[in-house]
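The structure appears right after this line, and notes come after that.
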Amino acid sequence: MALLWRQFITRRAVALYLANGTYYRLGVSGQLTNPDQRIADDVRAFTITTLSFVVMVFNGTLTILAFSGLLWSISPLLFVVAVLYAACGSCLTFLMGRPLINLNYDLLDKEADFRSSLIHLRENAEPILLARAEERQNILLSHRLEALAANFAGLPR
């Protein structure tokens, strides 16, 4: 199911990317770097994350239904305390995790930049060799790797 969903979304994203010269406008505007790699990586991340979330919600719902009656029969006060504890934990997780969304987006973007530079080096090996531009490529790759590492360092462990 996950593979079929990923194929469907990827086909849709590629169709939209190719429609009406979108690929050209994105390249000229510079708003989104490496859209080709972002399509592949973002769709993969979206499908995996969403399916994991759905499975967790389903599992949590079944657990709640199975144990709510048992907990209520033991002590109604214990049931209320458990529900409040879970609600507070969920709110704190939401508030503390919200900044991670932008960090994750930036991480994916910087990883795509780094991979794009490596692909550029591989595809243009002969012109780079003839121009003796290895040092310039090394500097570019180093900057991209440092940006990736700096963003990764911003993620909490």
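The values are calculated or read from the model by the stated rules, or taken from the named source; none is laboratory data. Remember, predicted model here, so these are calculated numbers, not experimental data. Using ideal geometry, Cβ is built from the backbone for each residue, glycine included, and neighbour counts are taken over all protein chains shown. Remember, those area values only see protein heavy atoms, side chains included, never the ligands or the DNA or RNA. Shrake-Rupley method; radii C 1.70, N 1.55, O 1.52, S 1.80 Å.
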Measuring from its Cα centre, segment 5-145 shows a charge dipole (+1 at each Lys and Arg Cβ, -1 at each Asp and Glu Cβ) which, in debye to the nearest 20, is 260
State in Å² the accessible area per residue of the chain; use a 1.4 Å probe, count heavy atoms of protein chains only, and round to the nearest integer.
-> 76
Label point at Met56 placed 7 Å out along Cα→Cβ; residues across segment 84-115 whose backbone nitrogen lies under 17 Å | 86-105
Report the local net charge at Arg44: Lys and Arg +1, Asp and Glu -1, summed over other residues whose C-beta lies under 15 Å from its C-beta.
-> 0
Work out from phi, with θ = phi - 60° and the Karplus expression 6.51 cos²θ - 1.76 cosθ + 1.60, the ³J(HN,Hα) of each residue of segment 53-64, listed in order in whole Hz, and give x for Gly and Pro.
-> 5, 4, 5, 5, 5, 4, 4, x, 5, 5, 5, 4
Run the accessible area of segment 1-96 with a 1.4 Å probe and give the carbon-and-sulfur part as a rounded percent.
-> 75
Helix 134-153 axis, angle to the chain major axis (alpha carbon atoms, nearest 10°) = 10
If you plug each phi of segment 100-115 into the Karplus form 6.51 cos²θ - 1.76 cosθ + 1.60 with θ = phi - 60°, what whole-Hz ³J(HN,Hα) values come out, in order, with x for Gly and Pro?
-> 5, 4, 5, 4, 5, 4, 5, 4, 4, 5, 6, 5, 5, 4, 5, 4
